[in-house]
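As structure tokens, the structure follows; a few thoughts come after it.
What follows is calculated from the coordinates using simple rules that are stated; it is not laboratory data. Just so it is clear, the model here is predicted, and its values are computed rather than measured. Backbone-built Cβ (ideal geometry, glycine too); neighbour counts: all protein chains shown.
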Amino acid sequence: MLRAWSPWLAAMLCGLLLAGCAGTLPQTRPIPEDETREAMRVWTTYIRREQPAALDADLRLRWDVLGSAGAIDTVLQMKQPAWLRLAVNDPLGRSLVLVVSDGRTFTYVDNRQGVVYRGGTDSAFWRRHVPDTIQATDLFLYLGGRIDPKQVHWVRPSLDVDGQGYWYVWRDKRAVDHHLLLDRRTGAIQRHLLVDRFEKALLDLHYSGVVGVAAADSGRDTTFSWPQLLKISGEAISGTVEVDVQKIYGFTLRGANPFRLSLPPHFLLEEVD
């Protein structure tokens with residue numbers, strides 16, 4: 001059934017679900033000894049920054065993949081650690097595709113064909129879009145330009161060749177090397193590159209711009225930020241994909257109801273593995 005998917009849908013899923021990408025190892029130089037403390041202060045501020053628990057946003061997805069170029073509007077709702085709801089709409093606002101997942105299972109509703117695909121996130125069907133190196137709990141973090149501090153045990157800082165940012169390198173428990181670039185002045189994330197032990201770039205994520213929204217949390221107001229634009233490129237998608245945040249409604253979602261579906265009784269249900 002995967003072969004019947006349209007090019008824009010394949011591109012959208014590759015981009016949003018972070019299919020593996022190739023990239024180039026960053027060019028760096030050692031940090032002067034008297035600047036090491038400042039580099040680590042920037043890093044500590046970044047990893048200690050409070051993270052939102054959820055996201056409710058409108059996105060504009062653009063792609064140029066395998067000779068197919070275009071854009072489409074989507075509504076994305078996510079909740080940590082791994083809840084996902086993605087609605088793809090046509091220009092008139094009608095739902096074309098709806099995907100929900102709790103991190104262990106997923107349901108894919110194709111309103112055009114009247115078909116529902118359902119299976120596990122460990123299935124071959126799901127892994128056609130999400131590589132083994134990307135776990136369900138990574139998706140929220142990577143889209144938001146964040147990391148899981150528990151994955152970082154020892155980090156090595158360096159300067160990029162232009163001296164505008166600090167690179168930080170560490171290896172996670174899956175033997176993947178992370179190269180993360182933070183702005184030298186603001187501490188904002190600019191790039192996150194994941195490289196395997198063969199020096200193959202698994203992900204190359206470029207971030208720019210910031211969207212900030214105040215969120216009520218337990219009676220107090222907290223302002224969270226989210227990258228305004230995420231650019232993904234690499235051999236795995238044979239082109240480029242952009243995730244452009246158009247509007248953020250908030251960083252709070254109550255309960256799990258948004259991530260549950262009542263399937264239309266006349267749709268064909270196909271269990272996939």
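Amide H of Tyr249: which non-local residues (sequence gap of 5 or more, or other chain) have their own amide H closer than 5 Å, using H built in the peptide plane?
Asp56, Ala57, Asp58
From the phi angles alone, apply the Karplus equation (6.51, -1.76, 1.60; θ = phi - 60°) to region 115-124 and give each ³J(HN,Hα) in whole Hz, x where the residue is Gly or Pro.
For region 115-124, the Karplus-derived couplings read 10, 10, 9, 9, x, x, 6, 9, 7, 4 Hz, x marking Gly and Pro.
At 25 °C and a viscosity of 0.890 mPa s, what translational diffusion coefficient does Stokes-Einstein give for region 24-175, taking Rh as the Kirkwood radius over Cα pairs? Give it in µm²/s as a whole number.
D, rounded to a whole number, is 133 µm²/s.
Under 18 Å Cα to Cα from Lys79, which lysines show up? Leave out anything in the same chain fewer than 8 places away.
Correct list for Lys79: Lys247.
Go through region 30-40 residue by residue and turn each phi into a ³J(HN,Hα) via Karplus (6.51, -1.76, 1.60, θ = phi - 60°); whole Hz please, and just put x for glycine and proline.
Taking θ as phi minus 60°, the curve returns x, 7, x, 4, 6, 10, 4, 4, 5, 4, 6 Hz for region 30-40.
Using per-residue counts of other Cβ atoms within 10 Å, averaged over each peptide, order 35-46, 173-184 from highest down.
Highest mean packing first, the order is 173-184, 35-46.
Work out, step by step, the length gained on full extension between Lys150 and Leu269: first 0.36 nm times the residue separation, then minus their alpha carbon distance; give nm to one decimal. Working shown, then result.
Numbers: separation 119, 0.36 × 119 = 42.84 nm, distance 3.88 nm.
Answer, rounded to one decimal: 39.0 nm.
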